[in-house]
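Following: one structure in structure tokens, then a few remarks.
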Amino acid sequence: MTHDPRERPALPAGRAFVVMLRADYDPRREDVRGRVEHVRSGRTTHFASLAELLDFLVRLTTSDGECA
């Protein structure tokens, strides 16, 4: 299978994130807390809710086409 370099990859490296969840995270509760890092830029933030995590992802994948 060959790859056409003109095509956008389905999983671009600019959209790679590492999400670390706190040791006391319980998936049955909604208080998701941890740290997220954007792999390409090294930018990080701590989050105390799913909304904060998603906000970081949105900002990093839509700002100035950085990860588009």
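The values are calculated or read from the model by the stated rules, or taken from the named source; none is laboratory data. None of these values were measured; they are calculated from a predicted model. Areas reflect the complete protein model, heavy atoms only, side chains present, ligands, DNA and RNA absent. Shrake-Rupley method; radii C 1.70, N 1.55, O 1.52, S 1.80 Å.
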When you scan region 42-57, how many residues do you find that are at pLDDT below 95, open to solvent by 70 Å² or more (accessible area, probe 1.4 Å) and either assigned to a loop (DSSP other than H, G, I, E, B) or β-branched (Val, Ile, Thr) (or both)?
0
Taking region 11-41, which residues are of a type in the set (D, E, K, R) and open to solvent by 80 Å² or more (accessible area, probe 1.4 Å)?
Arg15, Arg22, Arg28, Arg29, Glu30, Arg40
